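Reviewing the structure listed below.
Read-outs: derived from the displayed coordinates by stated rules, not from any lab. The model shown is predicted, which means the values in this text are computed figures rather than measured ones. Virtual Cβ from ideal backbone geometry, glycine too; neighbours counted across all protein chains shown.
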Amino acid sequence: MTSLRIAFVPGVTLGKWTRIWEERFPDDPLTLIPSETEDPTAHLRDDTADMVFARLPVEADGLHTIPLYDETPYVVLPKEHALADGASVSLDELEGQTRFDLDPALDLAGAVEVVATGAGVAVMPQSLARLHSRKGVVGRRVVGLPETTIALLWPVGDQTDEVEAFIGIVRGRTANSSRDQEQAPAQRPTAKAKAKAAEAAKAARDAKAARTKGAKGIVRQPRRAAPGRTRGKRN
């Protein structure tokens, strides 16, 4: 069976879903593909992944989409920055700040490195602020910016049992749901299960042979007439 290939953008934590998959289908491990491309759906279009966790918006023509959860916008600040004292920062307070997340020459990790020098700030989803956190910077919630959304996407069309099973896990279907039972990947028997089945088959053959041998050793006696009764011709 081909392993289900799942690409994911930085900041997405897959542990909850991959643990359930491992519990239900231990013989069919997932192939997880970190995506660093500008358009993560490219993995689906060039067939290097079967499904992708992406940060919306993305080009979703010809793709199924399940929005999963929203991310709070955060600003990464130098630890000694004046705005670092509060629990949150308003969009108005960011006016006039040098934002290195908007610098096309820097990725977010590079932007945070520059922020650590005290040169400016960087705005990003909370998950990425945590991912790139380092000494000398702090993260604060930004009030006034829209949240970002993480979604699961896969191509429209025929879907494999593996894809259907993973969709069921993401949507919270239990292992005992009828749909999961119908669409779960077929499980290959383990070596232990094969050995146990072979032992059971051998035991059944031995028992049958013993019954056959015993039957051959039985000598059937002719039936005797009941006492006081004789067979003869009627007069």
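If you average the C-alpha positions of segment 104-159 and of segment 14-80 separately, how far apart do those two centres end up, in angstrom?
Value for the Cα centre distance between the two parts: 15 Å.
Work through the residues other than Ser133 whose Cβ is under 13 Å from its Cβ and net out their charges, Lys, Arg +1 and Asp, Glu -1.
Working: positive: Lys79, Arg130, Arg134, Lys135, Arg140; negative: Glu113.
Summing Lys and Arg as +1 and Asp and Glu as -1 gives +4.
Using only the Cα atoms of segment 5-53, build the gyration tensor, take square roots of its eigenvalues as a ≥ b ≥ c, and label the shape rounded, prolate or oblate: rounded if a/c is under 1.5, else prolate if a/b is larger than b/c, else oblate.
On the way: a/c = 3.39, a/b = 1.68, b/c = 2.02.
Oblate is the answer for segment 5-53, as a/c is 1.5 or above yet b/c matches or exceeds a/b.
What is the local net charge at Ile150, summed over the other residues whose Cβ is closer than 12 Å to its Cβ (Lys, Arg +1; Asp, Glu -1)? Write out the running numbers ahead of the final one.
Details: positive: Arg55; negative: Asp70, Glu71, Glu147.
My count for the surroundings of Ile150 gives -2.
Using θ = phi - 60° and the Karplus form 6.51 cos²θ - 1.76 cosθ + 1.60, what ³J(HN,Hα) does each residue of segment 14-21 get, whole Hz, x for Gly and Pro?
9, x, 4, 7, 5, 5, 5, 4
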